[in-house]
Amino acid sequence: MSKDIAIDLGTANTKIYVRGKGLVVIAPSVVAVNLRQDEVIAVGQQAKDMMGRAPGSISVIRPIKDSVIGDFDAACQMVKTFIKQAMGQSYFGRPVVKLGFPKGITEVEEMALKEVAEAAGCKKPELIPSIATATIGASIPFNSPKGVMVVDMGAGTCEAAVLSMGGIVVSKMTRLAGDTIDESIIPYVKKEYGMLIGKRTAEEIKITIGSAVPKAQEEYMEVRGRDLYTGLPKNIRISSSEITDTIKGSVDAIVSLIKSVLEETPPELLADIIDEGITLTGGTSLLSGIDKLVQLETGMKVTVAENPMECTIAGLGRCVDNETVRKLPAMEYRRV
């Protein structure tokens, strides 16, 4: 007996929706592998808690890189574990799965997504454009002649698109996204303070005091790391203005992507977008001030969707539950 499910296999988090149950799994896309036995020992939050703390015999990895498969075996084990959590230990059979994917990835990368789903025990994997499901999950209707614009800002990719008449008119993707912002903070701290920090600390800095535009009032954060010269623990106090300057390059790349999509948008649809504005989804849309920056650079009203981190999986869930949604041209199921 099979059951339909939807999987948002993200760089930072994996989410699973089950027909009849709703959203049942939200977990970090992280796997811990014992290198001596060559076996997975932890998945999800348990594995993420080991990042930067595990001994040399344990490798903690993120098998999804830039929203595509980076480590096939680890990704299979991770997805299989999450599906068991979603379906319950008593479930037998192979669920029918719908997977979100960024439209800018290659056919080989699409094939890898399908193969991971099959290896994890799913059947009939169907790939659906994430930007379309994010639009549906944000409750933005696009089946009329009126144009709408959505920017899905994830950890591994950022995708901007204009949709109308149930389809995608223009879309572009960049692999400069949330992870790139985190990674730009690490070399800055190393160069300016002679201190080494890990990816988790960089992410905490971004979340706590990071901003795409200068804050009205300067904020500070105590950061701990390792002194590069003595090898001993070290504390520094870093400011929000420093982080704004540090992440500027990555944020500007996202803004440039949005502008390039607007430049290719037909005038009639552009007029609609001027009226309706731009909607931001995805975890990176929660970066302080990024909506203000996009509004400043484009001159258009910009809104962050409600529950932006769950828009894609919410839209995929609608595809599972609603046949009318599945028939929209933008869904364009891909079987590779």
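A DSSP coil position with no more than 15 other Cβ atoms inside 10 Å describes the following chymotrypsin sites (Phe, Trp or Tyr not before Pro) in region 173-260: TYR229. Both radii are taken from the alpha-carbon atoms of the chain; with Rh as the Kirkwood radius, Rg/Rh is 0.99. Seen from GLY156, the other residues with C-beta closer than 10 Å to its C-beta sum to a net charge of +1, counting Lys and Arg as +1 and Asp and Glu as -1. Ordering PHE101, ILE69, ALA42 by Cα displacement along the dipole of region 42-103 toward the positive end leaves PHE101 in first place; charges were set at the Cβ atoms of Lys, Arg (+1) and Asp, Glu (-1). If you add up the charges near PRO145, with Lys and Arg at +1 and Asp and Glu at -1, over every other residue whose beta carbon is less than 9 angstrom from its beta carbon, what do you get? With Lys, Arg at +1 and Asp, Glu at -1, the neighbours total -1. Taking the protein heavy atoms of the chain in the context of the full set of protein chains, the accessible area attributed to carbon and sulfur is 49 percent at 1.4 Å. First select every other residue whose beta carbon is under 14 angstrom from the beta carbon of LYS206; then total the charges, Lys and Arg +1, Asp and Glu -1. Once positives and negatives cancel, what remains is -4.
Answer rounded, prolate or oblate for region 72-141, using the Cα gyration tensor with square roots of eigenvalues a ≥ b ≥ c: rounded when a/c is under 1.5, else prolate when a/b is larger than b/c, else oblate. It is oblate, given that a/c is not under 1.5 and a/b is not larger than b/c. When +1 charges are put on Lys and Arg Cβ atoms and -1 charges on Asp and Glu Cβ atoms, the dipole computed for the chain relative to its Cα centre reaches about 1000 debye. Only aspartates and glutamates eight or more places from LYS206 in sequence, or on another chain, were considered; those with a Cα closer than 15 Å are ASP179, ASP182, GLU183, GLU218, GLU219, GLU222, GLU242, ASP245. Mean sequence separation of contacting Cα pairs (under 8 Å, at least six apart), scaled by the length of the chain, corresponds to a relative contact order of 19 percent. For VAL18, the solvent-accessible surface computed with a 1.4 Å probe is close to 0 Å², ligands and nucleic acids excluded. For region 92-128 versus region 227-259, the spacing of their alpha-carbon centroids is 35 Å. The figure for LEU35 is an accessible area of roughly 100 square angstrom, using a 1.4 Å probe on the protein chains alone. Gain on full extension, evaluated as 0.36 nm per residue between THR208 and LYS301 minus their Cα-Cα distance, stands at 30.9 nm.
Ranking VAL223, SER57, THR174 by Cα position along the charge dipole of the chain, where only Lys, Arg, Asp and Glu carry charges on their C-beta atoms, puts SER57 farthest toward the positive end. Surface exposure of the chain, expressed per residue as accessible area with a 1.4 Å probe, stands at 46 Å².
Classify region 14-138 from the C-alpha gyration tensor, please: rounded if a/c falls under 1.5, else prolate or oblate depending on whether a/b exceeds b/c. Cα axes put region 14-138 in the prolate bin.
The values are calculated or read from the model by the stated rules, or taken from the named source; none is laboratory data. All values derive from a computational prediction rather than experimental measurement. Please note: Cβ atoms are built from the backbone with ideal geometry, for glycine as well, and neighbour counts cover all protein chains shown. Keep in mind that these areas ignore ligands, DNA and RNA; they rest on the heavy atoms of the full protein, side chains included. Shrake-Rupley method; radii C 1.70, N 1.55, O 1.52, S 1.80 Å.
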